[in-house]
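Worksheet: one structure, shown below.
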Amino acid sequence: MPEGDTVWLTARRLHEALAGRVLTRSDVRVPRYATTNLAGRAVTEAAARGKHLLIRVDGGVTVHTHLRMDGSWRIRPARDRVANSHRIRLVLANDTWQAVGYQLGIVEVLPTAREARAVGHLGPDLLGPDWDPAEAARRLRAAPARAIGEALLDQRNLAGAGSIFATEMLFLRGVSPWRPVGEVSDLRALVELGQRLLDANKERAGIITTGVARRGEETWVYGRAGRPCRRCGTPIRRAEQGTAGEERLRFWCPACQR
Ligand SMILES: [Zn+2]
């Protein structure tokens, strides 16, 4: 599942291709918006908000999308022929570029003035200009009995971290994903570390938290169940965590993380 760093980079690429240019074609392949036509309007901005993408168009219209599990965007020269596919959910094109959104989990067109309906619930954005670690820590602390591994993924607490970043943040701080939030001594340091990890990864594809780009060495614990901890050699453990239906895989070192 794409995390905040991927969404940030996607937003920047969409911004470069679309912002300041007039749309010559729009094709929203979602029944509710089948008649929506944005041609003739200029795109003013493409921005990430946590894992959500907002494309703002002249006239107070926002196209809100979310990649969810399998979504992706491809940007091609306008003259290229793009193979038709049932996986395409959205096409936005100008004279120079066409941006094609595949398998997007959310596609909606809404008044820019009402963006809060779509993203207003989100906590401080790890890669946003208004990132606020104190506020993120405050929101986490509000539910002290909740397991920290679960709380970090709740986008209402902080926006942008998914399973990989949350898992790696906890390893680097020596905190078990099962520890209750109220027993994590320095929540602010934890979320600040998360911000640095996302920021360091936002310009590239893939996630590296160890500083080593070699295949199989990119992470400390994520995806390494049964293999020795890079610090102490103890086998890394794996389990599911979260409420029924929303479980996510957790990886941790039982010796380094308490
Ligand atoms: Zn260890």
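The values are calculated or read from the model by the stated rules, or taken from the named source; none is laboratory data. All values derive from a computational prediction rather than experimental measurement. Cβ atoms come from the backbone with ideal geometry, glycine included; neighbour counts cover every protein chain shown. Protein only, heavy atoms only, side chains kept; ligands, DNA and RNA dropped before computing areas. Shrake-Rupley method; radii C 1.70, N 1.55, O 1.52, S 1.80 Å.
For the reader, a short list of remarks on this structure follows.
- Residue within region 196-216 that is within 13 Å of the ligand (Cβ to nearest atom), open to solvent by less than 30 Å² (accessible area, probe 1.4 Å), at pLDDT 95 or above and among the β-branched types (Val, Ile, Thr) present: no
- Of the listed requirements (1) closer than 21 Å to Arg13 by Cα; (2) open to solvent by 30 Å² or more (accessible area, probe 1.4 Å), Leu126 misses just one: (2).
- Filtering region 241-258 to residues that are more than 11 Å from the ligand (Cβ to nearest atom) and more than 17 Å from Ala161 (Cα to Cα) leaves Thr243, Ala244, Gly245.
- Cross-chain or 6+ apart pairs with Cβ under 6 Å, region 211-233 first and under 16 Å from Arg250 (Cα atoms), then more than 13 Å from the ligand (Cβ to nearest atom) and open to solvent by 70 Å² or more (accessible area, probe 1.4 Å): Ala225/Arg238
- Flag for Thr243 being within 21 Å of Gln155 (Cα to Cα) and assigned to a loop (DSSP other than H, G, I, E, B): yes
- Matching option when the condition is open to solvent by less than 40 Å² (accessible area, probe 1.4 Å) and in contact (Cβ under 8 Å) with a residue 60 or more places away in the chain, among Leu53, Leu23: Leu23
- Matching entry among Arg81, Arg114 (being open to solvent by 30 Å² or more (accessible area, probe 1.4 Å) and under 23 Å from the mean Cα position of the chain (by Cα)): Arg114
- All positions within region 240-254 that are loosely packed, with under 14 Cβ neighbours inside 10 Å and closer than 14 Å to Arg179 by Cα: Pro254
- Residue check for Gly233: part of a loop (DSSP other than H, G, I, E, B) and within 16 Å of the ligand (Cβ to nearest atom): yes
- Any hit, region 217-228, residues being away from the ligand (no atom under 16 Å from the Cβ) and either open to solvent by less than 40 Å² (accessible area, probe 1.4 Å) or not hydroxyl-bearing (Ser, Thr, Tyr) (or both): yes
- Test: residue in region 57-65 that is on the phi > 0 side of the Ramachandran plot and either in a strand (DSSP E or B) or open to solvent by 20 Å² or more (accessible area, probe 1.4 Å) (or both): yes
- Test: Arg74 is over 26 Å from Leu153 (Cα atoms) and either open to solvent by 20 Å² or more (accessible area, probe 1.4 Å) or in contact (Cβ under 8 Å) with a residue 40 or more places away in the chain (or both): yes
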